[in-house]
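In what follows, a single structure is set out as structure tokens and then discussed.
The values are calculated or read from the model by the stated rules, or taken from the named source; none is laboratory data. Owing to the predicted nature of the structure, the values given are computational and were not obtained by experimental measurement. Here the Cβ positions follow ideal geometry from the backbone for every residue, glycine too, while neighbour counts run over all protein chains shown.
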Amino acid sequence: MVDRHRRKKLAFHLRHLSIGLISNDDFEEYLADDVTHGWLPEQYYRAKEAKFDDPIIEPMLILCWGLYDDTRNHKLTGTAKLSEQSLEIITRCILFLQTEREYEWPYFDTSNPLVKFSLAELILSIFTLGQYYRDKKKELEQAYLEFQNLGNFDIWPFYKTEDYYNTLQRQPFLNGNSENV
């Protein structure tokens, strides 16, 4: 299911965040109002709406949350400015969010395993002097490598190379069509 309206809102706010027009706190507030039904990006997976949502929304929120330091209010300028590589990924994400394409990648949770540990797993990590945690983290890294090999990860969130290049040929920006701005 493609939620065109929320995709466009997410793309709009992501574009403003990534070039330093709005702060991270503003970004989270706008997302809560327009995209996440009141949830912060890092907590959206808990929302009942997330279970039946456009499949691109949750991976985008996870990506967005990793762009900034959420312990302080700041813009992505100066020392917090995004790298060229990050901006390239964000540009592709914004391009994808402007399409009607279904998100084809399977869901992959990139959060640190410690965040979702049960009390028993925390205790086990302590008793093994962190070995249990290191093993879980290594499993996650291996699974992530396997995930990347499912498709052309260099064009993520697009899945197929031809879809990416076809979208580039008909990109919504700088084409004289103001409805996508």
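For the reader, a short list of remarks on this structure follows.
- Look at (1) of a type outside the set (Val, Ile, Thr); (2) part of a helix (DSSP H, G or I); (3) over 30 Å from Thr91 (Cα atoms) and you find that Leu129 fails only one, number (2).
- Criterion: in the same structural domain as Thr167 (by TED's automatic domain parsing), touching a Phe, Trp or Tyr at 6+ places or on another chain (Cβ under 7 Å) and buried (at least 18 other Cβ atoms within 10 Å of the Cβ) - qualifying residue of Ile56, Ile94: Ile56
- Scanning segment 8-51 for residues that are farther than 16 Å from Trp65 by Cα and touching a residue at least 40 places away in the same chain (Cβ under 8 Å) yields Lys8, Leu21.
- Screening Asp109 with (1) outside any loop (DSSP other than H, G, I, E, B); (2) out of contact with any helix residue (DSSP H, G or I) (no Cβ under 7 Å at 6 or more places or on another chain); (3) modelled with pLDDT under 85 gives one miss only, at (1).
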